[in-house]
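**Student:** Sharing a structure below in structure tokens format, with a few things to ask.
The values are calculated or read from the model by the stated rules, or taken from the named source; none is laboratory data. Quick caveat, the model's predicted, so the values are computed rather than measured. When we count neighbours, we look across all protein chains shown, and the Cβ atoms used for this are built from the backbone with ideal geometry, even at glycine.
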Amino acid sequence: MLAPKIRSSISALVLSVTSVVAIGISCTQELLAQEKFKVGAALPLTGVIAEVGIAARNGIELAKEQHPELFTNLEFVYEDSQWDPKSAVAAFNKLVQIDKVSLVFNWGNPTSEAVAPLAEARKIPLLALSLDPSCARGRNYVIRFTNPSADFSERLAKYLKAKGYKKLGVVVAQNTYVQGLLDGLKENLADDQHVTTIATFNLSDMDFRSAVLKVKSGSFDALGVFLISGQVSTFYRQLKQQQVNTPTFGTDFFESPVEIKSAGGAMDGAVYPHLGISPQFEAQYKEKYKNDYQIAYAGNAYDLAVMLGTLFNAAPTGLSSEQILATLKSNKSSLTGVTGSAKYQHSSDGDSYFEFPIQLKRVENGGFLPISE
């Protein structure tokens, strides 16, 4: 039997060796974690448009599940921007300073406007889901991951012209996103088409009765509803109460079963431009998540994840921001995904963005379907 002193010495030695091994394992794990290519995703996971942020996160997670080989060395870190500029700035700072991400994906016009100057100043590559070209124009570190608003508005204007709608009324929220879409529509209308802004509303407004009465007495050929989540369905219910049957059109805020159901059937026939998705992706997404809330944005995020996994999963560690941007802007970043064929564009006015195919969709029978012009 070993003497107490010897047993004590052996125990201390075992403890020491165990500690060294544990430290070694910890350091190795930390080193492996540091070697991963980290992407920060600032999404509106709570708040008025939470279904959009959740859809985007679902799209990323579905891409990881279906293509695990692309994410062995690439990690997404999520933060909630709440579709609020101040929250987005806080999320950006945490992702960059604490999580040490190499690249940030930020969803939304107002939040991208807030973080774009920070990304440029700190030389952090930013992929912004923003339709506003000014977000990226003249900046070296900002690329938008969608078309400019004018592309969506042009598609809608073509439809309105083909339908012979000339006298157009609109209600619009005080929001840079929907205002940009409306401005683009005005720029793309024919000379004999005219837009009258019936009313402008704060984001918290829910009483649209005076505007509805103006619509009822205005003899408009069609009505544009450029409002945000919650407002859309409320406005349509108030239209229905006044028995207003004017054809309507609007924005991607229409792509919400929650809004459509809440409108009580009043949105049927409404037309809007949006990104498209493949039937296969739609079926797989619905099977997994049991809904199609803002599914086009899920498809957009899915394609983003696949593109980044393809470009950076096997990339050398320690890429500089300039190397990351050069890779994003190269021909290798062109992709054909669930939202169609997309490619990097740089316009003559300094806007950098990925261009995607655009569809027109119509609300029908509690859902939404692509339509031909």
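**Student:** Of all residues being free of Cβ contacts under 8 Å to residues at least 40 places away in the same chain and touching a Phe, Trp or Tyr at 6+ places or on another chain (Cβ under 7 Å) in segment 125-145, which is farthest from Leu325 (Cα to Cα)? Just the residue, please.
**Tutor:** By that ranking, first place goes to Ala128.
**Student:** Scan Glu75, Glu113, Glu154 and give me the residue that is outside the structural domain of Leu304 (by TED's automatic domain parsing) and touching a helix residue (DSSP H, G or I) at 6+ places or on another chain (Cβ under 9 Å).
**Tutor:** Glu154
**Student:** Next up: Name, by its number, the condition in (1) in contact (Cβ under 8 Å) with a residue 40 or more places away in the chain; (2) over 25 Å from Ser149 (Cα atoms) that does not hold for Leu311.
**Tutor:** So the condition that Leu311 fails would be (1).
**Student:** Hand me the list of strands (runs of 3 or more DSSP E) wholly inside segment 271-373 holding 1 or more residues that are more than 24 Å from Tyr177 (Cβ to Cβ).
**Tutor:** Strands (runs of 3 or more DSSP E) meeting the threshold: 335-337, 340-346, 358-364.
**Student:** Please determine whether any residue of segment 244-254 is of a type in the set (Ser, Thr, Tyr) and assigned to a helix (DSSP H, G or I).
**Tutor:** The answer is no; no qualifying residue exists.
**Student:** Kindly list the number of the only condition in (1) loosely packed, with under 14 Cβ neighbours inside 10 Å; (2) farther than 20 Å from Asn300 by Cβ; (3) not charged (D, E, K, R) that fails for Ala315.
**Tutor:** All conditions are met except number (1).
**Student:** While we're looking at this one, here's another question. Quick check on Thr246: is it polar (S, T, N, Q), closer than 23 Å to Lys361 by Cβ and either more than 21 Å from the chain's Cα centre (by Cα) or not assigned by TED's automatic domain parsing to the domain that holds Leu181 (or both)?
**Tutor:** On the way: polar (S, T, N, Q): yes; closer than 23 Å to Lys361 by Cβ: yes; either more than 21 Å from the chain's Cα centre (by Cα) or not assigned by TED's automatic domain parsing to the domain that holds Leu181 (or both): yes.
So Thr246 fits the description; yes.
**Student:** Another question, then. State yes or no: is Ser149 crowded, with 24+ Cβ neighbours inside 10 Å, modelled with pLDDT under 95 and of a type in the set (Ser, Thr, Tyr)?
**Tutor:** Details: crowded, with 24+ Cβ neighbours inside 10 Å: yes; modelled with pLDDT under 95: yes; of a type in the set (Ser, Thr, Tyr): yes.
Yes: the conditions hold for Ser149.
**Student:** Looking at segment 318-335, I want the residues that are surrounded by 12 or more Cβ atoms within 10 Å (Cβ to Cβ) and have a partner that is in a strand (DSSP E or B) and among the charged types (D, E, K, R) with Cβ atoms under 8 Å, at least 6 apart or on another chain. Which pairs are those?
**Tutor:** Short answer, once both residue conditions are applied: Ser333/Lys343; Ser334/Lys343; Leu335/Lys343.
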